[in-house]
Amino acid sequence: MSLSKNDAKPILSCLFFLVFWIVPILYTGLTQRKIAFFPRTIRYFQSVGNLFTHRVDVWPMPYIQVLLAGEENWKTLLEKDYFPMETFGYRTRLFEALYYATNILDYDRKTQATRAEIARWIAKRYAQLNPGALPVQFVRFVAGLHFMDPREPPAGHWQPPPYESFPEEKTYILSSHDVR
């Protein structure tokens, strides 16, 4: 029995679906590990099937900081002044822009380009919101690491703490941009 081209298409589609979707989901679901030898794009697509398989232990919370002309200390800006639209989940607009606003192909270069564009916009917006203030020289995006404790979940509508409340060992710089 031979298969025509039209008969082979559904079979090949099913085989592709099994090999690149079902098998990886089963593997990662059962072992709680990613498939290291799969290309990044395939891992990204198949990881959708692994949502909520384990809790998040650490949550990075991004903040915006500016360094004004002639100043030595970074000033942390209020996110709501720059991203006032309320979000529909637990991530803020800034979080989405800094971590997920790029295509997964060529991620590192596009992420830095996206962050640089946001930094230029923040510098212009700062000048609009603070007429007569010193100009912004640098914008940097920083994150504070909030460690989740399943024994003490946050109550109510939780808000991120001020960046200054994080110990230095629980912070890191995502990127820094010269906007002069």
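The values are calculated or read from the model by the stated rules, or taken from the named source; none is laboratory data. Everything numeric in this text was worked out from a predicted model, so none of it was measured. Here Cβ is always computed from backbone atoms with ideal geometry, including for glycine, and neighbour counts include all displayed protein chains.
Some points to look at:
- Qualifying positions in the range 145-155 - of a type outside the set (Lys, Arg) and exposed (fewer than 10 other Cβ atoms within 10 Å of the Cβ): Phe147, Asp149, Pro150, Glu152, Pro153, Ala155
- Residue match in the range 86-104 (condition: among the polar types (S, T, N, Q), farther than 26 Å from Asp149 by Cβ and at pLDDT 85 or above): no
- Condition met for Gln32 (loosely packed, with under 13 Cβ neighbours inside 10 Å, closer than 25 Å to Leu145 by Cα, at pLDDT 70 or above and not charged (D, E, K, R)): yes
- Here Pro62 fulfils each of the conditions (1) at pLDDT below 80; (2) under 19 Å from Pro161 (Cβ atoms) apart from (1).
- Comparison of Phe45, Phe37, Phe52 shows that the only residue that is assigned to a loop (DSSP other than H, G, I, E, B), aromatic (Phe, Trp, Tyr) and modelled with pLDDT under 75 is Phe52.
- Restricted to the range 1-27, and to residues there that are of a type in the set (S, T, N, Q) and modelled with pLDDT under 75, the residue that is surrounded by the fewest Cβ atoms within 10 Å (Cβ to Cβ) is Ser2.
- Only one of the numbered conditions (1) loosely packed, with under 13 Cβ neighbours inside 10 Å; (2) at pLDDT 75 or above; (3) in the same structural domain as Ile173 (by TED's automatic domain parsing) is violated by Phe83, and that is (1).
- Reported count of residues in the range 119-144, each being exposed (fewer than 14 other Cβ atoms within 10 Å of the Cβ) and touching a Ser or Thr at 6+ places or on another chain (Cβ under 8 Å), is 0.
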